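Worksheet for the structure shown next.
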Amino acid sequence: MKRLFTFILLFIFISNSNAQNENPNYDAKLAEELGADDYGMKQYVFVVLKTGTNTTTDKTFTSDCFKSHMENINKLVTEKKLIVAGPMSKNENNFRGIFILDVKTFEEANELLENDKAIKEKILAVELYKWYGSAALSQYLEASNKIWKINP
């Protein structure tokens, strides 16, 4: 009898501990739409933009390259491939900015970046890293487009 009672208590404890790990707000449809795994996460490519090897002083050329850079950013946002982008302040590593791309492979990332003239002309260099983050990160884009007052 004592063993049965111990077994029942152990069973209740195990059942309760598993129930505490389940999310009561879990939305299976949304998780599937966002490509989330069981932890609500997914694979991205994290891009570090650095100062490239082209150190031209031609302001017209540089301006044209950065115009292409911004056009490519806007295109990738429209295609829902670019989740996060932003410049970095001056630093000793020559990091200029970051992207988080909603792709799984470096090949896919490179295809998205090949139309960026600042990268193609080596004004900017890229370093690619696989990054595992929240699948809900793409939801940020909808809100971010509603809060800017002046187009950068």
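Laboratory data are not the source of any read-out in this text; all were calculated from the coordinates shown. Everything numeric in this text was worked out from a predicted model, so none of it was measured. Here Cβ is always computed from backbone atoms with ideal geometry, including for glycine, and neighbour counts include all displayed protein chains.
Of all residues in region 43-63, which are in a helix (DSSP H, G or I) and either in contact with a helix residue (DSSP H, G or I) (Cβ under 7 Å, 6 or more places away or on another chain) or within 19 Å of Leu137 (Cβ to Cβ) (or both)? If you could, list the steps in order and put the result at the bottom.
Taking region 43-63 first, the residues in a helix (DSSP H, G or I) are 59-63.
Of everything in region 43-63, nothing turns out to be in a helix (DSSP H, G or I) and either in contact with a helix residue (DSSP H, G or I) (Cβ under 7 Å, 6 or more places away or on another chain) or within 19 Å of Leu137 (Cβ to Cβ) (or both).
Report yes if Glu127 is surrounded by fewer than 15 Cβ atoms within 10 Å (Cβ to Cβ) and touching a strand residue (DSSP E or B) at 6+ places or on another chain (Cβ under 6 Å), otherwise no. Please lay out each step first, then the result.
Details: surrounded by fewer than 15 Cβ atoms within 10 Å (Cβ to Cβ): yes; touching a strand residue (DSSP E or B) at 6+ places or on another chain (Cβ under 6 Å): yes.
So Glu127 fits the description; yes.
For region 86-97, how many residues meet the condition of being in contact (Cβ under 8 Å) with a residue 40 or more places away in the chain and part of a loop (DSSP other than H, G, I, E, B)? Give the derivation first.
Step one: list which residues in region 86-97 are in contact (Cβ under 8 Å) with a residue 40 or more places away in the chain, which gives 93-97.
Filter once more, keeping what is part of a loop (DSSP other than H, G, I, E, B): 93-94.
Residues flagged as in contact (Cβ under 8 Å) with a residue 40 or more places away in the chain and part of a loop (DSSP other than H, G, I, E, B) within region 86-97 amount to 2.
Return yes or no: is Ser138 within 30 Å of Asn21 (Cα to Cα), crowded, with 18+ Cβ neighbours inside 10 Å and of a type outside the set (D, E, K, R)? Outline the logic, then answer.
Details: within 30 Å of Asn21 (Cα to Cα): yes; crowded, with 18+ Cβ neighbours inside 10 Å: yes; of a type outside the set (D, E, K, R): yes.
It is true that Ser138 is within 30 Å of Asn21 (Cα to Cα), crowded, with 18+ Cβ neighbours inside 10 Å and of a type outside the set (D, E, K, R).
In the list Ile119, Ile83, Ile100, which residue meets the criterion of being touching a residue at least 24 places away in the same chain (Cβ under 8 Å), out of contact with any Cys (no Cβ under 6 Å at 6 or more places or on another chain) and under 13 Å from His69 (Cβ atoms)?
Details: Ile83 fails: under 13 Å from His69 (Cβ atoms); Ile100 fails: under 13 Å from His69 (Cβ atoms).
None of the others qualify; the one that does is Ile119.
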